[in-house]
Amino acid sequence: MVAETDLKVDDLIFPLFLKEGKGIREKIEFMPGVFRLSEDQLVKEVEQCLELGINTFAVFPCIADNLKDATASEGINPEGLYPRTIEAVKSRLPEAVLLTDVAMDPYSSDGHDGLVVNGEIRNDETLEILAKMALVQAQAGTDIIGPSDMMDGRVGVIREHLDDHGFQHVSIMSYTAKYASVFYGPFRDALDSEPKHGDKKTYQMDPRNRREAVVEASLDVEEGADFLMVKPALAYLDVINQLSTNFMLPIAAYNVSGEYAMIKAADQKGWLDGPSAMVETLTAIKRAGADIILTYFAREYAELIRS
Ligand code: PBG
């Protein structure tokens with residue numbers, strides 16, 4: 001009766017990795033229990049998760065190397081793996097809510113979220129590409145656009161482009177305070193999207209800064225974001241708390257790949273009780289002020305609750 005925090009299965013968003021092919025369920029080395037799935041397997045996974053009470057899925061595409069180029073052109077190909085799969089999921093399981101990723105890195109031969117010219121990230125030239133990507137995903141039937149790129153001004157440009165094409169009903173979950181973090185390592189391995197040169201510190205945030213997150217959030221609100229996200233979650237609980245007290249939009253937190261890997265590794269070694277660590281971690285993220293949590297633990301948590 002006096003417990004202040006109630007972690008519900010439908011607070012969770014389940015990230016899934018997508019790969020071209022059929023019948024594929026490929027293990028990801030640094031993320032035990034997470035797989036790269038082909039479209040048919042992904043639809044099956046979504047169907048089973050809906051049964052368990054998980055409603056929302058963040059899908060990330062794993063793109064073959066030969067389709068990657070400097071302008072991430074595969075990201076705006078309406079016949080590409082990603083829009084085809086969005087369409088397949090939404091036509092077979094319309095009740096599943098899809099959050100789709102807008103950023104250049106899965107399709108970029110440079111492995112960066114923005115356009116690289118002479119070794120520099122070109123913020124403003126990237127915006128046009130991101131807006132086109134968002135439109136292709138909206139046309140395929142996505143529900144929520146998730147710009148994970150951290151270019152300045154992209155929420156406004158995406159919002160305007162979607163509205164101009166009749167997609168006012170597609171919402172935007174902005175990766176508002178996304179830090180330049182070592183905890184993304186296993187994810188980059190899963191997508192093979194490690195930057196080919198340099199790092200992401202010119203566009204992702206400095207882990208030493210908290211007030212800057214408030215500036216980023218104010219800009220996103222002004223530009224039309226519907227949700228604000230903090231990422232990673234665990235080392236940034238103060239930032240989650242600050243945004244949830246300062247802003248009235250729903251706050252999401254991304255419990256990222258490295259945070260998942262740490263618990264799984266300790267569990268496998270017998271150094272920690274994995275399921276208890278999972279529950280405590282997710283509860284703490286919610287307690288800090290997150291309304292929504294993106295986590296690779298979503299299915300495991302839902303199964304634990306069910307049992
Ligand atoms: C890139 C992107 C990243 C993640 C989601 N989208 C990695 C990065 O910025 O390099 C990380 C998610 C995770 O680690 O679980 N647009």
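Computed quantities for the displayed model
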| quantity | calculated |
| --- | --- |
| Qualifying residue in the stretch 188-200 (condition: closer than 24 Å to residue 291 by Cα and out of contact with any Phe, Trp or Tyr (no Cβ under 9 Å at 6 or more places or on another chain)) | no |
| The stretch 109-124 residues that are charged (D, E, K, R), paired with ones that are in a strand (DSSP E or B) (beta carbon under 9 Å, 6 or more apart) | 110/116; 113/121; 122/115; 122/116 |
| First in the stretch 139-163 and under 10 Å from residue 220 (Cβ atoms), second anywhere and aromatic (Phe, Trp, Tyr), Cβ under 7 Å, 6 or more apart | 147/175 |
| Unmet criterion (only one of (1) within 15 Å of the ligand (Cβ to nearest atom); (2) hydroxyl-bearing (Ser, Thr, Tyr); (3) at pLDDT 95 or above) for residue 193 | (3) |
| Answer residue from the stretch 38-52, given it is among the aliphatic types (A, V, I, L, M) and within 20 Å of the chain's Cα centre (by Cα) and is surrounded by the fewest Cβ atoms within 10 Å (Cβ to Cβ) among those | 50 |
| Checklist (1) more than 20 Å from the chain's Cα centre (by Cα); (2) within 16 Å of the ligand (Cβ to nearest atom); (3) over 16 Å from residue 191 (Cα atoms) applied to residue 70, failing item | (2) |
| Spans of strands (runs of 3 or more DSSP E) in the stretch 1-102 with at least 2 residues farther than 15 Å from residue 142 by Cβ | 12-19, 25-27, 35-37 |
| Any chance residue 60 is within 14 Å of the ligand (Cβ to nearest atom) and not β-branched (Val, Ile, Thr) | yes |
| Tally of residues being closer than 23 Å to residue 256 by Cα and either in a strand (DSSP E or B) or within 16 Å of the ligand (Cβ to nearest atom) (or both) across the stretch 138-181 | 23 |
| Some residue of the stretch 206-224 being part of a loop (DSSP other than H, G, I, E, B), touching a Phe, Trp or Tyr at 6+ places or on another chain (Cβ under 8 Å) and under 30 Å from residue 277 (Cβ atoms) | yes |
| Any hit, the stretch 283-295, residues being closer than 30 Å to residue 163 by Cβ, of a type in the set (Ser, Thr, Tyr) and surrounded by fewer than 23 Cβ atoms within 10 Å (Cβ to Cβ) | no |
| Selection within the stretch 64-78 - free of Cβ contacts under 8 Å to residues at least 60 places away in the same chain, more than 17 Å from residue 134 (Cβ to Cβ) and not small (Gly, Ala, Ser) | 66, 67, 68, 69 |
| Residues within the stretch 161-181 that are surrounded by fewer than 18 Cβ atoms within 10 Å (Cβ to Cβ) and over 11 Å from residue 135 (Cβ atoms), tallied | 3 |
| Filter result for the condition that a residue is out of contact with any helix residue (DSSP H, G or I) (no Cβ under 8 Å at 6 or more places or on another chain) and in contact (Cβ under 8 Å) with a residue 24 or more places away in the chain, over 239, 221 | 221 |
| Any pair with Cβ under 8 angstrom, 6 or more apart, that starts in the stretch 92-105 at a residue that is in contact (Cβ under 8 Å) with a residue 60 or more places away in the chain and ends at one that is crowded, with 22+ Cβ neighbours inside 10 Å and among the acidic types (Asp, Glu) | 105/113; 105/149 |
| Test set (1) part of a helix (DSSP H, G or I); (2) free of Cβ contacts under 8 Å to residues at least 24 places away in the same chain; (3) within 16 Å of the ligand (Cβ to nearest atom) - residue 258 fails condition number | (2) |
| Single unsatisfied condition, residue 249 versus (1) assigned to a loop (DSSP other than H, G, I, E, B); (2) exposed (fewer than 15 other Cβ atoms within 10 Å of the Cβ) | (2) |
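The values are calculated or read from the model by the stated rules, or taken from the named source; none is laboratory data. Just so it is clear, the structure is predicted and the values come from calculations on it, not from any experiment. Note that we place each Cβ from the backbone using ideal geometry, even for glycine, and neighbour counts take in every protein chain shown.
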